[in-house]
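See below for the structure under consideration.
The values are calculated or read from the model by the stated rules, or taken from the named source; none is laboratory data. Computed from a predicted structure; not experimentally measured. We place every Cβ from the backbone using ideal geometry, glycine too, and count neighbours over all the protein chains shown.
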Amino acid sequence: MNRRSHFLGALAASLTLILSMVGFAPSASADSPYERGPDPTQSSIEARRGPFAVTSTSISDFSTPGFGSATVTYPTSTSQGTFGAVAISPGYTASESTIAWLGPRLASHGFVVITFNTQTRLDQPASRGDQLLAALDYLTQRSSTAIRSRIDPTRLAVIGHSMGGGGTLEAAKDRPSLKATVGLTPWNLDKTWPEIRTPSLIIGAENDSVASVSSHAIPFYQSIPSSTSKAYLELNNASHFAPNTEDTTIAWSTISWLKTYVDDDDRYRQFLCPGPRASTFGEISDYRNTCSN
């Protein structure tokens, strides 16, 4: 009997090690009621798809009040409960297709995600902020039962590229109840954001010639109060358009930010605090945060 118990214990330990190595370590007891999915590893947050199978549905602009046509991507299973929801805006003159890759990637980690076209491609950051909030309102109030029933309306976030990134700050200023914002190479004429109380991740690009980090991303980060959870990550040798194609650094940092602040899931804090080390030849040229918050 003792030999059998020893064998079963060794087998269980081996399986745990194997699952951990492939990024699917079994979850410990949840400290947050919103934890979704297995314990994360660096490889699991960098993978192109997370642990949840997803499906997508297209929404015509006739059905989207306050913003343009859209795509909603969400987990197929409801066995773990409801999910936080995320709206994503493209940048100036750009279409939904430029940020569409983020939809399935984020949804596969346990979020309902709407990527959308803006009402016009020339919409400014304040308008894009309004449209991000309109997209969240659509998800929580007017979307189909299959979508709406999956969403916890108290756990909402916004993401945007360029002027859409500037729009995330506008949205957070207008709706402080948002749980997280992520600005991707953000642009806005307003450089100071002392009103922001929403945990905000700013991702800049070192070689951005459209929204230079010295004029946009870094001042945005610095102006957000130190009492607000915030981080600044700078992509090494990257251009303004880095967010328009699949990018592993953008993906894992965004997933970790959303998991930490939308899902209140401290298992992901390890990837943000103290965070990645900046280097001349690595993926990240600068990283700052307020990890004590």
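Values computed for the structure shown
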{"quantity": "Residues satisfying the stated conditions in the range 256-293, i.e. within 28 Å of PHE83 (Cβ to Cβ) and assigned to a loop (DSSP other than H, G, I, E, B)", "calculated": "VAL262, ASP263, ASP264, ASP265, LEU272, CYS273, GLY275, PRO276, THR290, CYS291, ASN293"}
{"quantity": "Residues of the range 109-139 satisfying the condition of being within 16 Å of THR181 (Cβ to Cβ) and modelled with pLDDT under 95", "calculated": "none"}
{"quantity": "Residue within the range 198-210 that is part of a loop (DSSP other than H, G, I, E, B) and either closer than 16 Å to THR290 by Cα or not assigned by TED's automatic domain parsing to the domain that holds VAL86 (or both) present", "calculated": "yes"}
{"quantity": "Per-region count, the range 62-114, residues out of contact with any helix residue (DSSP H, G or I) (no Cβ under 7 Å at 6 or more places or on another chain), hydroxyl-bearing (Ser, Thr, Tyr) and either buried (at least 24 other Cβ atoms within 10 Å of the Cβ) or assigned to a helix (DSSP H, G or I) (or both)", "calculated": "2"}
{"quantity": "Verdict on SER58 being assigned to a loop (DSSP other than H, G, I, E, B), in the same structural domain as ALA251 (by TED's automatic domain parsing) and within 17 Å of ALA146 (Cβ to Cβ)", "calculated": "no"}
{"quantity": "Members of the range 211-250 found to be touching a Phe, Trp or Tyr at 6+ places or on another chain (Cβ under 6 Å) and part of a loop (DSSP other than H, G, I, E, B), listed by number", "calculated": "ALA211, HIS216, ILE224, GLU246"}
{"quantity": "Failed criterion for ARG197 (all others in (1) surrounded by fewer than 24 Cβ atoms within 10 Å (Cβ to Cβ); (2) touching a residue at least 40 places away in the same chain (Cβ under 8 Å) hold)", "calculated": "(2)"}
{"quantity": "Qualifying residue in the range 226-242 (condition: buried (at least 18 other Cβ atoms within 10 Å of the Cβ) and under 22 Å from SER127 (Cα atoms))", "calculated": "yes"}
{"quantity": "Test: residue in the range 137-159 that is among the charged types (D, E, K, R), surrounded by fewer than 21 Cβ atoms within 10 Å (Cβ to Cβ) and closer than 19 Å to PHE220 by Cβ", "calculated": "no"}
{"quantity": "Any hit, the range 179-197, residues being β-branched (Val, Ile, Thr), more than 24 Å from TYR34 (Cβ to Cβ), in the same structural domain as PRO274 (by TED's automatic domain parsing) and more than 18 Å from the chain's Cα centre (by Cα)", "calculated": "yes"}
{"quantity": "Residue satisfying all of: in the range 252-286; surrounded by fewer than 21 Cβ atoms within 10 Å (Cβ to Cβ) and small (Gly, Ala, Ser); nearest to VAL158 (Cα to Cα) among these", "calculated": "GLY275"}
{"quantity": "Hits in the range 46-61 (condition: surrounded by fewer than 13 Cβ atoms within 10 Å (Cβ to Cβ) and either in contact (Cβ under 8 Å) with a residue 60 or more places away in the chain or within 24 Å of ALA171 (Cβ to Cβ) (or both))", "calculated": "ARG48, SER58, SER60"}
{"quantity": "Every residue from the range 162-185 that is farther than 25 Å from ASP265 by Cβ and surrounded by 24 or more Cβ atoms within 10 Å (Cβ to Cβ)", "calculated": "SER162, MET163, GLY164, GLY166, GLY167, GLU170, THR185"}
